[in-house]
Structure formats: C-alpha cells, structure tokens
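Each reported figure results from applying straightforward, stated rules to the coordinates on display, with no laboratory input. Here the structure is a predicted model, which means the values were calculated and not measured. Neighbour counts run over all protein chains shown; Cβ positions are idealised from the backbone, glycine included.
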Amino acid sequence: MRISEQAKHENRIRILEKAVDIFTAKGFDATTTRDIALAAGLAAGTLFNYFPSKETLAMTMVTEALGQGREDFQRRRTGDEDLAEELFLFVASGLRRLRPLRPFLGPVLERSLSPFPRKSVCQEGEAARQEHLHAVQDIIAGHGFAEAPDYVAMTMYWSLYLGILAFWTNDISPNQEETQSLIDYATRMFVQIISGVVPGKGEAHAE
Amino acid sequence: MRSEKILEQELLKALPKDRNSDPAGLHLANLVTSVSNKMVPVNSFSRIWILGSLQARVTFGYLAYWLRSRFSDAEEKQRLKSEAHLAAALQLFGTMGYLRGAVMKVGQMLANLPEVVPEEFAEVLSALHFEAPPMHYSLVREVFLDEFGREPEEMFASFEQQAFAAASLGQVHRARLQSGEEVAVKIQYPGIARTIKNDLRALRLLLQPLCLTRDWEDTIAKLVDIERMLLLETDYIKEADHCRQARTVFVDADQVVVPKVYDGYSSKRVLTCEYLLGCHINEYLQRAPEQAERDHFTTLLTVATYRLYYRLHWLPADPHPGNFIFMPDGRLGLIDFGCTLVMNDEEWCDSNAAIQAALDRDMPALNQAIASACRFNHPDEMAPDHLEVIRQGFCWFMEPWQHEGLFNFGDKAFFLRGIENVIEAARKRYTRSVPMTIWSNRFTFGGRAFCYKLQGRCEFRNIFLGESAWQHQKL
C-alpha cells in the first residue's frame, strides 16, 4: 500500500519522538529498532524505510538538534560579540538543543563522530561534522581573518569540540554548568591559538 | 637575555631579605626563578595570571619567604628537605585559581611582618577577596537560560551587557525591571564550587609539609570551615534569605539600607536586588568629607553590624569595602550577605561570655573564655605567655566597648596595637583556635580597618548598650 507524503512525514516524526523516549528510558545500546518500531505503531521492517540503522536514527536527531542550534545562534547573536564570545554562543546554542537527548547521547556520539579510522563512516555524523565546521569557518571569517584556518587549526577545533561533547555527556553538575566553564575556556584558548596572540595584560573585570 | 637579566635584578631588589641566612636575597630569588620558570597548567580561573611576570614573581617570593620562616629554626638537614617541599608547594600554588589572589595577599603581608604599617594592613584586608574570571555577555545569557528559561532582555526592560562591578563569585550588571525599578543583578560564574573545592585541596597539600606541627589538626579544621563558608556563598538563595532577614531589623530612622530582593529574578546563581545609588569608600574619601560626616557613617556602620550581631546572631564576615555604599542622602547601604556567619547557640553563648567577662573585668571568666576559644579545656593548659598574648588581643577588641564618649577608630596608635598583637600571635604561632575565630577576626579587623580608613568616630559604648538592650527586652 502506498502511503502519502504527509503520512510518511508524520511517521518519521513519530519514530523520532518515540525513539527519544525509549533511548532515554533504556539507554541507546539496550534499545532495538524493533522496540522503536513497536512504540511508533509500525512493523519492525517498516522502520528501515525511514532510517537504515539505529545509529542513523539517533544521529538524525543530533543533526536536527544542531541545525536548530545554528538557527538559535543566528537569531541570538547581536553582532557585538568578539570571536571567542561568538564561538561560545555557537557551541552553547547547539548544546542547549541537544540537551533533551543528553541522557543517551554518549554512545551515539562516540560511534558517529569518532575521529578514529572506522570501517564504515556514519554519513549522518560526517555531514554533521562538515556543517558544524563550515559554520565555525563562517564565524571566523566574520572576524577579520583574511584566510580560512588551515586543516591543523580546524582539526584542533574539532578535537576541542569533541572533548566538550564528551565532557558534557558526563557532566553531573547542575545544568552542566561545568561544561559552560569548559566552553568558555576552550573557545578563548582556540582564538588565542589561531590569532597567535599571547595575552600580555590578560583580561580584566569592568571597574 | 638582557631583559631576563634586568628582570632578575629587579626581582632581587623587590624580594624580602633574610638578614641572617640570605642577606642578599639571592637564595630566595633563585628559588622563585626556578619555580617560576616551570610551567604550571592554568585553569579557566587562572588564565588572567601569568606565573612568569615580575609582579607574580615578587608576590610569589613573599609567599616563599613567609613559608620558609615557618621552619627557619629547623636543623640544616630538615631545612633542605623543607626547601624541596617549599618549591613543590609553590608550584602547586600556581595551579590554584580562585583562592590564589587571597593566599598571595596573606603571604605578602605575613612576609612583611613585623614591619607592616596600618595603611598596608588595611589595604591588604580590603584586597583580601576572591575573584572569578570575567564573563562575556553570551555566558551571562546561558546562565539566565538555565536559571530562568529566558534571556536577560526578555526578563528586564533593560539590561546592561557590560558588568559594572566584580563580585566574589562572578559579576554584577545593572538592569531595570519592567515595572521601572533600577536593580543590580549578580551573576555567578558557572562551576565555581568545583574550583573552590580544588583550590582548598591544593591549599591543604601546600600547607601540609610545613605544618607537621602541633596544630596541624587545628589548621585542617579551619580549612574545612573556610570551604564550608565559601561553598555557602555560592548559594544565592541563601543569600537572598539573609538579605530579607536583615531588612527586617532596620527601620527608616536607622538610615541603614539593605536592598530589596526581587524573588522572581533571583535563583541559586542569580541574585537581583534593588540598586543603591552611591559610592564606595575610596570615592567617598576623595571628596574630603567633614569629620561630622565621617562620624555619621562610622556610627551607621557600627549600628548596622551590632544590630545584626545582637538580633540575628550574625557575623558579617566579609570586610570587603565594596559591600558598603555611601548614599548621597546620608544613608549607608549594606549590599552583600553571602559571607555571613550565622552563629549556633553554642557559638553565640561563647562569644557573649567572653564579651561579658571583659566588661565585668572578671579575669577568671575571661581566661576561661579565651582558653575555650583557643581549644583548651582550662586556662592552666595554656602557656602563660600564650594566654597573655591572646588576652591582650581580646582586650584590644574590647577597648571601644569600655570607652565612655566618642571612640576614635582613626587613631593610628590604637589600630597599630591591634595589628601588633596579631603579628605577635602569628610569630609565636599562637594560632590554635575554634574555626569561628577566622570569621570573628575577619569581622573585627575588617570593620576596624574600614573605620580607620574612614578616620571615623562613634559613641561605640552607647551603641553597644542600645543594641544589646534588645536581647534583654526580649528576655
């Protein structure tokens, strides 16, 4: 039976919603695609028409959340931010959208975003990485850099970002406030590295 | 390198020197240089501090000088071992974030003993506060989203993106409520509690090799209490509660203002209070106020602190001058209740027993109160000199209470006697005491340093009689 685009769209949304609930309740590893299909009222095999694997499904949630985070960032930025602050805002806006997924995100990000060589690269993960780095390059370009940072700088950025994500998924402090402190420090450090500036006088509080 | 050479010479000039063992200061300079040249990992709290700068090296040197003086009478072998500990301790000190500034100030002051002048002492005390790194506006916004689910500009009619003051745990922004009130919004740097805990762990390690003495347990108990109070300060809900309680004990005629807390705009990490128009002491003194005006503010400050003491059993233990606002209409604003020691019944009774004994000139009772405060069961357990030095200090504290008429807190000789007593006690290592004395000393010296700077006078005894009468009325 052919189903309408509208029904397809609704199924997809329902799968994603139910998957969040089940991943949160059971954890990513213990959840099967069958669990999700059943919860969404679909036959087990039907789910694969929408998402080829559990990893892709989870990573789709991540990509969508990060996309919303980018929109939030665009809306929230005032244009007065310096580079470190703007990067902070960008990273923090993304994490805020990822927050509902946080309880089960550790293994998802580990599999989909791992920088180590793998047999099969998660396409969703790779797309998320590319989109994120493009956005970062756009931000950097907006702050007077004549050229885009080279692969070394961007690899360092990505390592920092993965580190932040890993810390954040483990962060038990209220509202993951320790992650905020880490982002603050990490973004300042990255800007210092690519600017080649060692702060002489440091930074100071307003008098 | 030439510049390095100059740096070394300046360092040599600036460092304290030990007349006997290191008259040229060379040994100390070498130690400081060797430690400074080693890299220490910085955390987000220490990113504004550079270990290798001359200024850092000098203050570092003062700390080293003081630490070394703690075991200067040790034997040569022990001394060498201690020097190694010292180098390690100093390196550890470099990794501290939040408390380092304060520890450095104390080190600097202790190294200058006994030549500290009152002005310096007052200056060090007022600078003895902790500072979190500055936050940019985007970080402030994230804190707001976490605390209230809304951005500052959604909550307030206007919100200044640039902080106007640094607070001990974060920073303060001016804003206006939708209803028009001007407010001061204090925002805490995220994750500060962890840094405080890490720093205290480092401080314990730092002091350990130097304090394998009779009073190590006492030092540990004090550090535990410091940690407890600092962590208490991270809870702005508690502070808001203190503010509200403090407001209930003052009436308009007192001319002491505790700002109103706006609950809907306050949380564990954000505290929104009424903005008090006015200035801090330095700006106030620049206007060269008349003596009568200085006396007026000294009176208000005394009334304010003893009102809190007698009615609420509090010690406002943060002497930071930024916590007092000189308002243009002659009122005094009290703006920070984060570091407030709320005495328990036992502490309250002990504190009053000592005061009463001194007022009654009841020497046996006074000696017993002092012994208890120094963690001895009986005065006989204390060395006579120990008892004498601590008693002298307490009698100095009590002088204004026994003085009829105007008491001049600007009297240099008076202030100096208090400092000399502290110096003597520190030099003789008569530091064993119940943890509360950290806060009562901070309260006393903070208040007196402030009034000394203000060159103010007040009818202290009358104020004390008036404020303490309240508890008798209650009974």
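In a fully extended conformation the segment linking B:Arg228 and B:Asn377 would gain 51.1 nm over its present Cα-Cα distance, using 0.36 nm per residue. Between A:Ala141 and B:Glu283, the distance separating the two model label sites (each 7 Å from Cα on the Cα→Cβ line) works out to 4.5 nm. Here r is the Cβ-Cβ distance between B:Ala469 and B:Lys238 and R0 is 35 Å; the resulting FRET efficiency, rounded to 0.05, is 0.75. Normalised by 2.2 N^0.38 Å, with N the number of residues, the alpha-carbon radius of gyration of region A:53-195 equals 1.01.
Between the DSSP loop rule and a limit of at most 13 other Cβ atoms within 10 Å, which trypsin sites (Lys or Arg not before Pro) in region B:422-475 are left? In loop regions of region B:422-475 (DSSP not H, G, I, E or B), the sparsely surrounded trypsin sites (Lys or Arg not before Pro) are B:Lys428, B:Arg429.
Loop-located trypsin sites (Lys or Arg not before Pro) in region B:239-305 (DSSP state other than H, G, I, E, B) with a sparse environment of at most 10 neighbouring Cβ atoms within 10 Å: B:Arg287. Separation of region A:82-114 from region B:146-190 is 26 Å, based on Cα centroids. With the simple spin-label model, which puts each label point 7 Å out from Cα in the Cβ direction, the A:Leu38 to A:Met189 separation comes to 4.6 nm.
The tail of the calculated P(r) for region B:129-275 beyond 28 Å holds 31 percent of all Cα-Cα pairs. For region A:139-152, putting each phi into the Karplus relation 6.51 cos²θ - 1.76 cosθ + 1.60 with θ = phi - 60° gives couplings of 5, 4, 4, x, 10, x, 7, 5, 10, 5, x, 6, 5, 5 Hz, in residue order, rounded to whole numbers and with x for Gly and Pro.
Charge dipole of chain A (Cα centre as origin; +1 on each Lys and Arg Cβ, -1 on each Asp and Glu Cβ, all else neutral): 1020 debye, rounded to the nearest 20. When only alpha carbons are used to place a centre, region A:134-170 and region A:1-54 end up 33 Å from one another.
How about region B:313-421: which trypsin sites (Lys or Arg not before Pro) there are in a DSSP loop, with at most 12 other Cβ atoms within 10 Å of their Cβ? Those that pass, being in a loop and sparsely packed, are B:Arg361.
Report, in listed order, any pair from B:Lys197/B:Lys260; B:Lys13/B:Lys197; B:Lys197/B:Lys268 with a Cα-Cα distance greater than 24 Å. Write down the numbers at each step before the final one.
On the way: B:Lys197/B:Lys260 31 Å; B:Lys13/B:Lys197 36 Å; B:Lys197/B:Lys268 18 Å.
In this structure, B:Lys197/B:Lys260; B:Lys13/B:Lys197 lie more than 24 Å apart at Cα.
Compared with the alpha-carbon gap, the fully stretched path from B:Ala221 to B:Glu160 is longer by 17.8 nm at 0.36 nm per residue.
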